[in-house]
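Novice: Have a look at the structure that comes next, please.
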Amino acid sequence: MSNFPGLSLSVKAASGNYTLVAGDAVMNEKPMAASALHYMQSISKTFTAVAVLKLKEEGKINLDAKVNTYLPDICNHLPNGNIITVRQLLTMTSGLPDYLDSDQFLNDVVAGPLPMTSEQVLSYVYNQPAKFEPGTSFGYCNINYHLLALIIDRVTPNGHRQYITDKIINAIGLSNTYYIAGSASPTAPEGTTANYLQIDGTFNDVSELQLGTVRTFIGDDGIVASVQDIAGFYYKLLHDKTILSPALLEEMKVTVSDQGTPIYGLGLQFYKTNGGLQAIGHQGSGIGAGANAFYFPSKNTSVVLCTNAGTLFDALKEEQLRALYEEIIGILLE
């Protein structure tokens, strides 16, 4: 526990589910509770991808259409903007640069105010050089999923936030999951942990900054949830197969490779554990939070581990969380 202010672990299998917690939700004030809500960061990308696939089924989005079919004005300012497809956004093969690549973006996050508008977020990638020709390589990039959220906005009457809430969160009974990106509420849902960034060995409270960034990042971020809900989400998606039709789920699991290794589907990360187990799900990193949420097909088990310490700009903390997750998987499943 010396590496983290607080931790939550949830495991879901056919035989049942359980949650373990340690440390504090608010340091020196409030112990971590099993009901605590955590920032799930890029785990939100899986929800966005599911929404896009549902809209494909409804005939409202064509995955192989050019993005400029839906966002013509925006695409005119993006590198590769008028040749990338919706599928290439989903699979991280668009070649677009990311807002995280911009020093000005990072300066503006710290200076505020937050949340930023979508227009401001897009401005950090406008007229920047492409990283590669679409479809020729893999490059993890948050702006891909920001654009997917905007596409959902264009084809639904109430926008992507409401669609994700109605068609996924509420539809499958995730009672402790909240999509807060783009929300008008200036506060986090009740029960959300405080958030910390370790600087020179000291945990600094960055809760306000954490909330502001998550409210900014539509599509690629935005979900606050209990660990039980997220373990259940991946279990229902990949084990029960009750969220998407079988055909859409198979399409979601078609991977692209990076240096010969299958790495990403449609909003799904793929990796092998140290013990060789296939894992499918997503990892999340934030200024004041970190999360790993994966389903292990050979074990019919979902395992979610979250902390309220930042991993996005702390490579050591990210490695510590991943090492702990690997150790837990080794004990549980290997």
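Novice: Excluding residues on the same chain fewer than 8 positions from Lys60, give the lysines whose Cα lies under 17 Å from its Cα.
Specialist: List returned: Lys167.
Novice: Related question: State whether the stretch 149-277 is rounded, prolate or oblate according to the following rule on the C-alpha gyration tensor (a ≥ b ≥ c being the square roots of its eigenvalues): a/c under 1.5 gives rounded; otherwise a/b larger than b/c gives prolate, and the remaining case gives oblate.
Specialist: Verdict is oblate for the stretch 149-277.
Novice: With every protein chain left in place, what is the accessible area per residue of the chain in square angstrom, probe 1.4 Å?
Specialist: 40 Å²
Novice: If you don't mind, another one. Pop the C-beta distance of Ile331 and Tyr126 into the FRET formula with R0 = 51 Å and round what comes out to the nearest 0.05.
Specialist: 0.60
Novice: I want to verify a result. In a Gaussian network model of the chain, Cα cutoff 10 Å, which of these has the top mean-square fluctuation: Val304, Val21, Val155?
Specialist: Among Val304, Val21, Val155, the largest mean-square fluctuation in the Gaussian network model of the chain belongs to Val155.
Novice: Ok, one more. Grab the alpha carbons of the chain, take their convex hull, and tell me the volume per residue in Å³.
Specialist: 129 Å³
Novice: Which percent of the accessible heavy-atom area of the stretch 162-246 goes to carbon and sulfur, probe 1.4 angstrom?
Specialist: Solvent-exposed carbon and sulfur of the stretch 162-246 make up 49 percent of the total.
Novice: Find out how many positive minus negative residues lie around Thr193, taking Lys and Arg as positive, Asp and Glu as negative, among other residues whose Cβ is under 12 Å from that of Thr193.
Specialist: Net of charged neighbours comes to -3.
Novice: Mind listing the Cα extents of the stretch 58-118 along all three principal axes, in Å, largest one first?
Specialist: 41, 23, 21
Novice: May I pose another question? Report the net charge of residues surrounding Gly222, where surrounding means a beta-carbon distance below 13 angstrom and charges are Lys +1, Arg +1, Asp -1, Glu -1.
Specialist: In short, +1.
Novice: Nearest 500 deg cm²/dmol is fine: what mean residue ellipticity at 222 nm does the chain get from its DSSP H runs of n ≥ 4 alone, each adding -39,500 (n - 2.57), divided by its residue count?
Specialist: Value at 222 nm, helices only: -8500 deg cm²/dmol.
Novice: With every protein chain present, what accessible area does Glu326 have (1.4 Å probe, heavy atoms only), rounded to the nearest 10 Å²?
Specialist: Looks like 20 Å² after rounding.
Novice: Counting only other residues whose beta carbon sits under 12 Å from that of His282, what net charge do I get with K and R as +1, D and E as -1?
Specialist: Charge balance near His282 sits at -1.
Novice: Can you name the helices of the chain, as whole DSSP H runs, whose Cα span along the helix axis is 15 Å or more and whose Kyte-Doolittle mean is not below 0.0?
Specialist: 44-57, 143-155, 315-333
Novice: Mean projection of the alpha-carbon convex hull of the stretch 3-129 over all orientations, in nm²?
Specialist: Seen from a random direction, the Cα hull of the stretch 3-129 projects 12.0 nm² on average.
Novice: Let me ask something additional. Between Ser2 and Thr242, what length comes free when the chain is fully extended (0.36 nm per residue of separation minus the Cα-Cα distance, one decimal in nm)?
Specialist: Net length gain for the segment: 82.4 nm.
Novice: Here is a follow-up. Hey, rough spin-label estimate for Ser15 and Leu106, points 7 angstrom out along Cα→Cβ, what's it come to in nanometres?
Specialist: Each label point lies 7 Å from its Cα, and together they span 4.6 nm.
Novice: Hey, another quick one. Going Cα to Cα from Lys253, which lysines come in below 17 Å? Please leave out same-chain ones fewer than 8 positions away.
Specialist: Lys45, Lys54, Lys56, Lys236, Lys241, Lys272
Novice: Moving on. Give me the Debye-computed log₁₀ of I(q)/I(0) at q = 0.19, 0.30, 0.34, 0.35 Å⁻¹ for the stretch 146-186, equal point scatterers on Cα only, no solvent, two decimals.
Specialist: Once normalised to I(0) and log-transformed, intensities are -0.57, -1.06, -1.13, -1.15.
Novice: Return, ordered by residue number, the residues of the stretch 71-100 whose backbone nitrogen is under 18 Å from a label point located 7 Å along Cα→Cβ of Glu119.
Specialist: Hits in the stretch 71-100 for Glu119 at 18 Å: 71-78.
Novice: Quick check: from the Cα gyration tensor, does the stretch 269-334 come out rounded (a/c under 1.5), prolate or oblate?
Specialist: The shape class here is prolate.
Novice: Right, next: Gaussian network model of the chain, Cα springs within a sub-10 Å range: biggest mean-square fluctuation belongs to which of Ser183, Ser118, Ser15?
Specialist: It is Ser15.
Novice: Under 8 Å for C-alpha pairs, at least 6 residues apart: give me the relative contact order for the chain, rounded to a whole percent.
Specialist: 25 percent
Novice: So how do 318-325, 59-66 stack up, highest first, on mean other-Cβ count within 10 Å?
Specialist: The most tightly packed comes first, giving 318-325, 59-66.
The values are calculated or read from the model by the stated rules, or taken from the named source; none is laboratory data. Keep in mind the model is a prediction, meaning the values are calculated, not measured. Note: ideal-geometry Cβ built from the backbone for every residue, glycine included; neighbour counts use all protein chains shown. The accessibility values were calculated without ligands, DNA or RNA, using every heavy atom of the protein model including side chains. Shrake-Rupley method; radii C 1.70, N 1.55, O 1.52, S 1.80 Å.
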